[in-house]
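**Student:** This is the structure I want to talk about, given as structure tokens.
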Amino acid sequence: MSYAMIQDRPSRSFPEGDAFLKDAVAADGADIVILSGAAFVADAGKTAILIELGNESLAEHIGDDVQHDNVLGFARYRNGDDAPSQLVELVRPAAASNAAVDAATALFVQAGLEVVVSADQIGRIINRLALPKYNAALRFLDEGLATQADMDLTCKLGLGYADGPIERVLRGGLARHYDVTKALFDTYGTPSYAPPRRAVVAHHRAPGETPTDS
């Protein structure tokens with residue numbers, strides 16, 4: 001199945017040099033169109049139109065009122081500035097057809113990726129599950145529960161994690177962690193999503209940011 005990439009910004013899911021980009025074709029001849037930052041235009045003639053998401057809802061791009069059965073959202077999971085993982089979260093709105101979901105899934109699987117399907121909710125699956133754990137670890141570090149090394153080692157040896165929660169957040173970037181947690185906290189108001197102190201500091205000290213009294 002042929003696919004096109006239309007980009008108005010660099011894709012976090014498929015950055016420059018990613019093998020997925022080499023087989024993309026022109027949009028006119030593609031069965032599936034993938035939008036990265038480009039404006040959404042409905043096209044019932046496409047098998048699927050895939051809109052790359054950050055934390056936001058797919059509805060922010062297509063609206064809640066008009067229903068499109070071939071439009072889906074997606075995000076390839078990345079831990080901050082790490083390289084993209086092999087996991088794609090496919091966002092399925094209520095109106096999406098099975099044909100569109102099956103086609104999008106087959107496209108990503110053919111590219112060697114793993115696909116999970118989530119509802120159109122801000123944060124989707126991974127961030128809503130994992131961010132409270134990362135935030136808790138950072139708060140425990142501030143409270144003096146244990147050192148970073150001991151907490152990370154505990155999670156790796158005791159829970160079988162590939163890497164510890166604090167080393168993972170630091171590697172991905174505390175300022176980016178702030179952006180992701182702040183978006184979820186603003187949406188849901190759940191205390192466990194509130195950006196921890198170290199992420200707030202990193203955000204205000206990031207290039208282009210001006211520290212405030214908040």
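Quick note: the coordinates plus some simple rules give every number you see, no bench work behind them. Note that the coordinates shown come from a computational prediction; the quantities given were computed from them, not determined experimentally. Quick reminder, even Gly has a Cβ in these numbers, built from the backbone with ideal geometry, and neighbours come from all protein chains shown.
**Student:** On full extension of the chain, what length is gained from Glu16 through Ala39, given 0.36 nm per residue of separation minus the C-alpha to C-alpha distance?
**Tutor:** Taking 0.36 nm per residue and subtracting the Cα distance, the gain is 6.3 nm.
**Student:** Continuing with the same structure: Fewest Cβ neighbours within 10 Å first, please rank Asp18, Asp28, Asp150, Asp120 accordingly.
**Tutor:** Starting with the residue having the fewest Cβ neighbours, the order is Asp28, Asp150, Asp18, Asp120.
**Student:** Let me spell out the model: positive unit charges on the Cβ of Lys and Arg, negative unit charges on the Cβ of Asp and Glu, origin at the Cα centre of the chain. What dipole size does that give, in debye rounded to 20?
**Tutor:** 640
**Student:** Something else: Helix-only estimate, please: 222 nm mean residue ellipticity of the chain, summing -39500 (n - 2.57) across DSSP H runs of length 4 or more and dividing by its residues, to the nearest 500.
**Tutor:** Rounded to the nearest 500, it is -11500 deg cm²/dmol.
**Student:** Same structure, new question: Which lysines have a Cα less than 24 Å from the Cα of Lys182, not counting those fewer than 8 places away in the same chain?
**Tutor:** Reachable lysines: Lys133.
**Student:** Quick one: which of 21-27, 39-45 comes out on top by average Cβ neighbours within 10 Å, and what's the full order, highest first?
**Tutor:** Highest to lowest by the protection proxy: 21-27, 39-45.
**Student:** Averaging sequence separations of C-alpha pairs under 8 Å and six or more residues apart, then dividing by the length of the chain, give the relative contact order as a whole percent.
**Tutor:** 14
**Student:** In whole Å, what is the distance between the alpha-carbon centres of the stretch 37-102 and the stretch 145-184?
**Tutor:** Between the Cα centres of the stretch 37-102 and the stretch 145-184 lies a distance of 28 Å.
**Student:** Could you list Lys156, Lys46 in order of exposure, starting from the residue whose Cβ has the fewest other Cβ atoms within 10 Å?
**Tutor:** Ascending number of Cβ neighbours within 10 Å: Lys156, Lys46.
**Student:** How big is the chain in terms of Cα radius of gyration and Dmax, in angstroms?
**Tutor:** 18.9, 59
**Student:** Once you treat every alpha carbon in the stretch 3-118 as an equal point and sum by Debye, what is log10 I(q)/I(0) at q = 0.09 Å⁻¹?
**Tutor:** -0.20
**Student:** Could you give the DSSP H helices of the chain that reach 15 angstrom or more along their long axis (alpha carbon positions) and whose average Kyte-Doolittle hydropathy is no lower than 0.5?
**Tutor:** 98-110
**Student:** Count the DSSP beta bridges whose two residues both fall in the chain, then state the antiparallel fraction as a percent rounded to the nearest 5. Don't jump to the answer; show the numbers that get you there.
**Tutor:** Details: 5 of 23 bridges.
Within the chain, antiparallel bridges account for around 20 percent of the total.
**Student:** Please report Tyr188, Tyr77 as a ranked list, fewest other C-beta atoms within 10 angstrom at the top and most at the bottom.
**Tutor:** With the sparsest Cβ surroundings first, the list reads Tyr188, Tyr77.
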